[in-house]
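**Q** Take a look at the following structure, please.
The values are calculated or read from the model by the stated rules, or taken from the named source; none is laboratory data. Since the model is a prediction, treat every value here as computed from it, not as a measurement. Counting neighbours? That spans all protein chains shown, and the Cβs are built from the backbone with ideal geometry, glycine included.
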């Protein structure tokens, strides 16, 4: 059954949506969407390094994204630039460096579109293993640091004063984000992964009035986006990544109606 | 006093940042069951001193000894991001696991039981302060740091909350570090006052401080008189403790 690429795609998609839901909530709560985007952009560089040096793709993406995160934190402390400028600087530089390296690798057949927007056909059973084991690890660690991470999201100083060690859990969270990007690039692509993180969560925000509800709805939104998006992708032959994100957007637009209703009440 | 009774001790503590001292040479000690109040004008380093005590700065000069980890903190300012839906009930268990009974009784004490399922962003300033205080006392801390805990609370509520703070320190036998602008009310509930102005300019019992010259220079004769008036009222407020709390309920 796993030989069927449609089945593989669906299993992969479900695995990723289960992880993007909770992580996406923290990305939205902590206003890290541009940060997530920057890590994702560095994934192209990761893919190319892995091809050049012939090492595992997911691992390379994970290492490169983590390094980029560390670099960002360093620069934030040592320069006078605002966070968003630094993010723009790193984000586009890493994308550009990736594309320049690609120019040197003209002897390799390389599907740039696949890396940028996701290529569901390329998901093999090995990737499934990476997605599900990696995803499970991410969720286990996340549930372990949930309380301190959530507390430091609400109020950093309060969390620190009451012994929740926010600095440490923030660093762990960044690593989890890098890991998510590493396992999901093949499926959804460098340019669109943040979309899957943010849009179902934004939809969930419109519909929920407490954090637990928001996480659950965000997971459901992600699952629906992936399943409907993949279906559309097979039926009308569109790229998987964009299809998934478009479905997420439609769900978000539908959720806006609920907000309008709420405001009238 | 026995050293084991000391919850926290600052020795010569200070912080030097951007080429100037935010606060320096602070000596401060809080024992179990004791309320220590920091007073001083704006920018005198009250909040900074509290944060030093809580260990929120990486590099400080001087020394801080903490003999407890059961610490609750009510920061001066807490803003809840609108991207985060958060009810009072969720907020109560932010850094701690609590039984429903404990949550209810803490909310009850500060008079906001009816807001348990409300969204934090829908609360008024005064209600929010009461929730912050309820959250801080719910886990029965050994040390409670309150940075202007009654800002935005109406006057009756203010008096009631200060007497609640006093009751808490007695019932839980916990130490309290209190920062306040409301000199006139707060003095009645305080065991020890530290008057800050970039450094400790005077300290002692409320009466000592009120009569000291540095205090009069800093706040003027008028507030010194105010203070003694409230000293006089002390017994009255204290004895009607229970009644006031009942009123809040």
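**Q** What number goes with the only condition from (1) within 14 Å of chain A (Cβ to nearest Cβ); (2) touching a residue at least 24 places away in the same chain (Cβ under 8 Å); (3) in contact with a helix residue (DSSP H, G or I) (Cβ under 6 Å, 6 or more places away or on another chain) that residue B:56 does not pass?
**A** (2)
**Q** Within region B:163-177, can one find any residue that is out of contact with any strand residue (DSSP E or B) (no Cβ under 7 Å at 6 or more places or on another chain), closer than 30 Å to residue B:193 by Cβ and within 12 Å of chain A (Cβ to nearest Cβ)?
**A** No, because not a single residue in region B:163-177 is out of contact with any strand residue (DSSP E or B) (no Cβ under 7 Å at 6 or more places or on another chain), closer than 30 Å to residue B:193 by Cβ and within 12 Å of chain A (Cβ to nearest Cβ).
**Q** All but one of (1) buried (at least 18 other Cβ atoms within 10 Å of the Cβ); (2) more than 26 Å from residue A:30 (Cβ to Cβ) hold for residue B:84; which doesn't?
**A** Failing condition for residue B:84: (2).
**Q** Going through A:130, A:154, A:140 one at a time, which residue ends up being more than 14 Å from chain B (Cβ to nearest Cβ), out of contact with any strand residue (DSSP E or B) (no Cβ under 8 Å at 6 or more places or on another chain), free of Cβ contacts under 8 Å to residues at least 12 places away in the same chain and surrounded by fewer than 23 Cβ atoms within 10 Å (Cβ to Cβ)?
**A** It is A:140.
**Q** Next up: Every residue in region A:157-173 that is facing chain B (nearest Cβ under 9 Å), surrounded by fewer than 22 Cβ atoms within 10 Å (Cβ to Cβ) and assigned to a helix (DSSP H, G or I), please.
**A** The answer is A:157, A:160.
**Q** Looking for whichever is assigned to a helix (DSSP H, G or I) and touching a helix residue (DSSP H, G or I) at 6+ places or on another chain (Cβ under 6 Å) here; the options are A:70, A:49. Which one fits? Steps first, answer last, please.
**A** On the way: A:70 fails: touching a helix residue (DSSP H, G or I) at 6+ places or on another chain (Cβ under 6 Å).
That would be A:49, the only listed residue that is assigned to a helix (DSSP H, G or I) and touching a helix residue (DSSP H, G or I) at 6+ places or on another chain (Cβ under 6 Å).
**Q** Consider region B:109-141. How many of its residues are under 17 Å from residue B:77 (Cα atoms) and outside any helix (DSSP H, G or I)?
**A** So the count comes out to 2.
**Q** Only one of B:89, B:53, B:106 is farther than 27 Å from residue B:22 by Cβ, at pLDDT 90 or above and buried (at least 21 other Cβ atoms within 10 Å of the Cβ); which?
**A** Going through B:89, B:53, B:106 in turn, the sole match is B:106.
**Q** Quick one: would you say residue B:156 is surrounded by fewer than 22 Cβ atoms within 10 Å (Cβ to Cβ), over 15 Å from the mean Cα position of the chain (by Cα) and within 14 Å of another protein chain (Cβ to nearest Cβ)?
**A** For residue B:156, the condition - surrounded by fewer than 22 Cβ atoms within 10 Å (Cβ to Cβ), over 15 Å from the mean Cα position of the chain (by Cα) and within 14 Å of another protein chain (Cβ to nearest Cβ) - is not met.
**Q** With respect to residue B:209, is the statement that it is farther than 30 Å from residue B:82 by Cβ, over 13 Å from the mean Cα position of the chain (by Cα) and surrounded by 23 or more Cβ atoms within 10 Å (Cβ to Cβ) true?
**A** Considered against the rule, which asks whether it is farther than 30 Å from residue B:82 by Cβ, over 13 Å from the mean Cα position of the chain (by Cα) and surrounded by 23 or more Cβ atoms within 10 Å (Cβ to Cβ), residue B:209 comes out as yes.
**Q** So, in region B:68-89, how many residues would count as being within 8 Å of chain A (Cβ to nearest Cβ) and in contact with a strand residue (DSSP E or B) (Cβ under 8 Å, 6 or more places away or on another chain)?
**A** 7
**Q** Let me ask something else about it. Sort out which residues of region B:98-108 are over 16 Å from residue B:74 (Cα atoms) and either touching a strand residue (DSSP E or B) at 6+ places or on another chain (Cβ under 8 Å) or part of a helix (DSSP H, G or I) (or both), and write them in order of number.
**A** Across region B:98-108, the qualifying residues are B:100, B:101, B:102, B:103, B:104, B:105, B:108.
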